[in-house]
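The values are calculated or read from the model by the stated rules, or taken from the named source; none is laboratory data. All figures in this text were calculated on a predicted structure; none of them were measured in a lab. Neighbour counts run over all protein chains shown; Cβ positions are idealised from the backbone, glycine included. The area values use the complete protein model at the heavy-atom level, side chains included, leaving out ligands, DNA and RNA. Shrake-Rupley method; radii C 1.70, N 1.55, O 1.52, S 1.80 Å.
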Amino acid sequence: EIICRGRGAMEDLVEDARSSFEQAATTLVDQIRSALVDERTGKNAFQLAVDQAQQFYQAVDWSERWLQALVATECFLLILVLVTRHRTTFQGILFVILGAVIYCAKYLNVYLEQNWSSFSRQPYFDASGLFISVVLSAPLLVINMVIVVNHLIVLSGLVVQVKRAQLKHKAREAAREAKKDR
(Lines give C-alpha, C1' and ligand atoms only; values in the text may rest on other atoms or scores of the structure.)
Protein backbone atom coordinates (compact mmCIF):
# COMPACT_ATOMS: atom_id res chain seq x y z
CA GLU A 1 0.00 0.00 0.00
CA ILE A 2 2.92 2.37 0.75
CA ILE A 3 4.41 1.53 -2.67
CA CYS A 4 1.09 2.33 -4.36
CA ARG A 5 0.93 5.70 -2.59
CA GLY A 6 4.53 6.39 -3.66
CA ARG A 7 3.69 5.48 -7.23
CA GLY A 8 0.67 7.78 -7.18
CA ALA A 9 2.74 10.65 -5.79
CA MET A 10 5.39 10.05 -8.48
CA GLU A 11 2.73 10.07 -11.20
CA ASP A 12 1.35 13.31 -9.78
CA LEU A 13 4.83 14.86 -9.86
CA VAL A 14 5.38 13.75 -13.45
CA GLU A 15 1.96 15.07 -14.45
CA ASP A 16 2.65 18.41 -12.72
CA ALA A 17 6.02 18.69 -14.47
CA ARG A 18 4.45 17.81 -17.83
CA SER A 19 1.69 20.39 -17.45
CA SER A 20 4.18 23.05 -16.29
CA PHE A 21 6.39 22.32 -19.30
CA GLU A 22 3.42 22.47 -21.70
CA GLN A 23 2.30 25.77 -20.18
CA ALA A 24 5.80 27.24 -20.43
CA ALA A 25 6.17 26.03 -24.03
CA THR A 26 2.79 27.48 -24.98
CA THR A 27 3.69 30.81 -23.39
CA LEU A 28 7.04 30.88 -25.19
CA VAL A 29 5.44 30.11 -28.57
CA ASP A 30 2.83 32.84 -28.00
CA GLN A 31 5.56 35.35 -27.10
CA ILE A 32 7.57 34.46 -30.20
CA ARG A 33 4.49 34.78 -32.41
CA SER A 34 3.60 38.17 -30.92
CA ALA A 35 7.19 39.37 -31.37
CA LEU A 36 7.08 38.39 -35.06
CA VAL A 37 3.84 40.26 -35.78
CA ASP A 38 3.97 43.78 -37.14
CA GLU A 39 1.73 45.95 -34.96
CA ARG A 40 0.66 48.19 -37.85
CA THR A 41 -0.42 45.51 -40.32
CA GLY A 42 -1.05 42.50 -38.09
CA LYS A 43 1.05 40.34 -40.43
CA ASN A 44 3.88 38.14 -39.25
CA ALA A 45 7.40 39.29 -40.05
CA PHE A 46 8.03 36.61 -42.68
CA GLN A 47 4.86 37.44 -44.60
CA LEU A 48 5.66 41.13 -44.34
CA ALA A 49 9.16 40.54 -45.75
CA VAL A 50 7.73 38.47 -48.62
CA ASP A 51 5.20 41.20 -49.40
CA GLN A 52 7.89 43.89 -49.40
CA ALA A 53 10.15 41.78 -51.63
CA GLN A 54 7.29 41.32 -54.10
CA GLN A 55 6.58 45.05 -54.10
CA PHE A 56 10.27 45.78 -54.73
CA TYR A 57 10.41 43.25 -57.56
CA GLN A 58 7.29 44.71 -59.19
CA ALA A 59 8.53 48.30 -58.82
CA VAL A 60 11.73 47.65 -60.77
CA ASP A 61 11.72 47.63 -64.56
CA TRP A 62 13.79 44.50 -65.14
CA SER A 63 13.75 45.03 -68.91
CA GLU A 64 16.35 47.77 -68.65
CA ARG A 65 19.61 46.61 -70.26
CA TRP A 66 21.88 47.82 -67.48
CA LEU A 67 19.91 45.84 -64.89
CA GLN A 68 20.00 42.75 -67.08
CA ALA A 69 23.76 43.19 -67.53
CA LEU A 70 24.21 43.58 -63.77
CA VAL A 71 22.22 40.43 -62.97
CA ALA A 72 24.05 38.52 -65.73
CA THR A 73 27.41 39.66 -64.34
CA GLU A 74 26.45 38.54 -60.85
CA CYS A 75 25.31 35.14 -62.18
CA PHE A 76 28.59 34.84 -64.11
CA LEU A 77 30.57 35.65 -60.97
CA LEU A 78 28.70 33.01 -58.98
CA ILE A 79 29.32 30.39 -61.68
CA LEU A 80 32.97 31.48 -61.85
CA VAL A 81 33.34 30.99 -58.10
CA LEU A 82 31.78 27.53 -58.32
CA VAL A 83 33.95 26.51 -61.28
CA THR A 84 37.17 27.79 -59.69
CA ARG A 85 36.51 26.23 -56.28
CA HIS A 86 39.95 24.55 -56.27
CA ARG A 87 41.81 27.77 -57.12
CA THR A 88 41.88 29.43 -53.74
CA THR A 89 44.37 32.15 -54.70
CA PHE A 90 42.12 33.29 -57.54
CA GLN A 91 39.12 33.20 -55.24
CA GLY A 92 41.00 35.15 -52.59
CA ILE A 93 41.77 37.90 -55.09
CA LEU A 94 38.15 37.87 -56.29
CA PHE A 95 36.98 38.06 -52.66
CA VAL A 96 39.04 41.23 -52.10
CA ILE A 97 37.84 42.80 -55.36
CA LEU A 98 34.18 42.08 -54.58
CA GLY A 99 34.69 43.42 -51.05
CA ALA A 100 36.11 46.63 -52.51
CA VAL A 101 33.10 46.96 -54.84
CA ILE A 102 30.76 46.44 -51.88
CA TYR A 103 32.66 49.05 -49.87
CA CYS A 104 32.50 51.54 -52.75
CA ALA A 105 28.78 50.97 -53.28
CA LYS A 106 27.88 54.00 -51.16
CA TYR A 107 30.08 56.25 -53.32
CA LEU A 108 28.77 54.62 -56.47
CA ASN A 109 25.22 55.21 -55.23
CA VAL A 110 25.87 58.96 -54.83
CA TYR A 111 27.29 59.16 -58.36
CA LEU A 112 24.45 57.11 -59.86
CA GLU A 113 21.83 59.14 -57.96
CA GLN A 114 23.11 62.27 -59.70
CA ASN A 115 23.48 60.68 -63.17
CA TRP A 116 20.68 58.12 -63.40
CA SER A 117 19.04 59.76 -66.42
CA SER A 118 22.00 58.92 -68.67
CA PHE A 119 21.47 55.14 -68.38
CA SER A 120 18.08 54.47 -66.77
CA ARG A 121 14.41 55.29 -67.29
CA GLN A 122 13.67 55.57 -63.56
CA PRO A 123 15.54 57.15 -60.63
CA TYR A 124 16.22 54.01 -58.58
CA PHE A 125 19.09 55.43 -56.57
CA ASP A 126 18.27 57.37 -53.42
CA ALA A 127 20.14 58.67 -50.39
CA SER A 128 19.32 55.59 -48.29
CA GLY A 129 21.06 53.29 -50.78
CA LEU A 130 18.40 50.58 -50.56
CA PHE A 131 18.33 49.85 -54.27
CA ILE A 132 22.08 49.51 -54.72
CA SER A 133 22.23 47.40 -51.57
CA VAL A 134 19.63 44.98 -52.90
CA VAL A 135 20.80 44.69 -56.51
CA LEU A 136 24.56 45.04 -56.07
CA SER A 137 25.83 44.61 -52.53
CA ALA A 138 23.60 41.73 -51.40
CA PRO A 139 24.39 39.44 -54.37
CA LEU A 140 28.10 40.21 -54.07
CA LEU A 141 27.94 39.44 -50.34
CA VAL A 142 26.32 36.09 -51.15
CA ILE A 143 29.09 35.34 -53.64
CA ASN A 144 31.69 36.28 -51.02
CA MET A 145 29.96 33.97 -48.53
CA VAL A 146 30.23 31.14 -51.07
CA ILE A 147 33.96 31.88 -51.33
CA VAL A 148 34.30 31.81 -47.53
CA VAL A 149 32.45 28.48 -47.27
CA ASN A 150 34.62 27.06 -50.05
CA HIS A 151 37.78 28.20 -48.28
CA LEU A 152 36.58 26.58 -45.05
CA ILE A 153 35.98 23.31 -46.91
CA VAL A 154 39.42 23.46 -48.55
CA LEU A 155 41.09 24.32 -45.23
CA SER A 156 39.37 21.45 -43.43
CA GLY A 157 40.65 19.11 -46.14
CA LEU A 158 44.16 20.47 -45.64
CA VAL A 159 43.91 19.93 -41.89
CA VAL A 160 42.96 16.30 -42.53
CA GLN A 161 45.91 15.87 -44.92
CA VAL A 162 48.33 17.36 -42.41
CA LYS A 163 47.02 15.17 -39.59
CA ARG A 164 47.32 12.05 -41.77
CA ALA A 165 50.91 12.99 -42.64
CA GLN A 166 51.68 13.49 -38.94
CA LEU A 167 50.21 10.11 -38.06
CA LYS A 168 52.16 8.38 -40.85
CA HIS A 169 55.35 10.08 -39.71
CA LYS A 170 54.68 9.03 -36.13
CA ALA A 171 54.05 5.44 -37.24
CA ARG A 172 57.32 5.39 -39.21
CA GLU A 173 59.21 6.75 -36.23
CA ALA A 174 57.65 4.10 -33.98
CA ALA A 175 58.61 1.37 -36.50
CA ARG A 176 62.21 2.65 -36.60
CA GLU A 177 62.37 2.65 -32.82
CA ALA A 178 60.99 -0.89 -32.75
CA LYS A 179 63.69 -2.04 -35.23
CA LYS A 180 66.43 -0.42 -33.12
CA ASP A 181 65.20 -2.20 -29.98
CA ARG A 182 65.49 -5.68 -31.58
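Among Arg40, Arg164, Arg121, which one shows the highest mean-square fluctuation when the chain is modelled as a Gaussian network with alpha-carbon springs under 10 Å?
Maximum among the listed residues: Arg40.
Treating cross-link reach as a plain straight distance, find the lysines whose alpha-carbon is under 30 Å from the alpha-carbon of Lys170, omitting any fewer than eight places away in the same chain.
Here the lysines satisfying the reach criterion relative to Lys170 are Lys179, Lys180.
So what is the relative contact order for the chain, in percent, with contacts set as C-alpha pairs under 8 Å and at least six apart?
Averaging sequence separation for qualifying contacts and normalising by length gives 17 percent for the chain.
Are there chymotrypsin sites (Phe, Trp or Tyr not before Pro) in segment 1-101 that DSSP puts in a loop and that have at most 10 other Cβ atoms within 10 Å, and which ones?
Trp62
Expressed as a whole percentage, what fraction of the accessible surface of the chain belongs to carbon and sulfur atoms when a 1.4 Å probe is rolled over the protein heavy atoms? It would help to have the intermediate numbers written out before the result.
On the way: 8990 of 14060 Å².
The nonpolar share, carbon plus sulfur, comes to 64 percent.
Check the straight Cα-Cα distances from Lys163 and name the aspartates and glutamates below 18 Å, setting aside those fewer than 8 residues away within the same chain.
Reachable aspartates and glutamates: Glu173.
Among Asp61, Asp30, Asp12, whose mean-square fluctuation peaks in a Gaussian network model of the chain (Cα, cutoff 10 Å)?
Among Asp61, Asp30, Asp12, the largest GNM mean-square fluctuation belongs to Asp12.
I need the phi-derived Karplus couplings for segment 112-126: 6.51 cos²θ - 1.76 cosθ + 1.60, θ = phi - 60°, integer Hz, Gly and Pro marked x.
5, 5, 7, 10, 4, 5, 7, 9, 9, 8, 10, x, 6, 8, 10
Is the chain best put as rounded, prolate or oblate by its Cα gyration tensor, with a ≥ b ≥ c the root eigenvalues, rounded for a/c under 1.5, and otherwise prolate when a/b is larger than b/c, oblate when not?
Values: a/c = 4.36, a/b = 1.15, b/c = 3.79.
Oblate is the answer for the chain, as a/c is 1.5 or above yet b/c matches or exceeds a/b.
Please give the calculated 222 nm ellipticity per residue for the chain, where each DSSP H segment of at least 4 residues contributes -39500 (n - 2.57) and the sum is spread over every residue; nearest 500 deg cm²/dmol? It would help to have the intermediate numbers written out before the result.
Numbers: 6 runs with 139 residues, N = 182.
Computed ellipticity for the chain at 222 nm equals -27000 deg cm²/dmol.
Give me the accessible area per residue for segment 1-113, probe 1.4 Å, as a whole number in Å². Numbers along the way, then the final one.
Working: 8930 Å² over 113 residues.
Per-residue value: 79 Å².
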